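Read through the structure below, which is laid out as structure tokens, and then see the notes.
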Amino acid sequence: MRDQDLSNMVRKFRRWHELSQGELAEKVGVSRQTIANIERGNYSPSVHLALAICRVLGHTVEEIFGDEQTDQNEQADQNEHAASGTRQEGT
């Protein structure tokens, strides 16, 4: 599994919850730059930080950082497309 794959899931779920990098960082007690580096794949979070991110985003470690990521990545894409259509229709 590539680091970029991990970063995409953090970014996708953060965006799904409509959180900025700064808002997520504040909720988990790190800097915005740390979140940006995790999303870019430049930094692998500690277990403690990974768990905190997962709690805030409402997903398991496996969904965001684990082996189930490929299936979850596809599901997140489908959910994003469905939500985008719903949001656009409501505006």
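Bear in mind that the values in this text are calculations on the coordinates, not laboratory data. Since this is a predicted model, take the numbers as computed values, not measurements. No Cβ is skipped: glycine too gets one built from the backbone with ideal geometry, and neighbour counts run over all protein chains shown.
Would you confirm, using the coordinates I've provided, whether Lys12 is charged (D, E, K, R), part of a helix (DSSP H, G or I) and over 12 Å from the mean Cα position of the chain (by Cα)?
no
Restricting the search to the range 16-48, which residues are assigned to a helix (DSSP H, G or I) and in contact with a Leu (Cβ under 7 Å, 6 or more places away or on another chain)?
Passing the criteria: Val28, Ile35.
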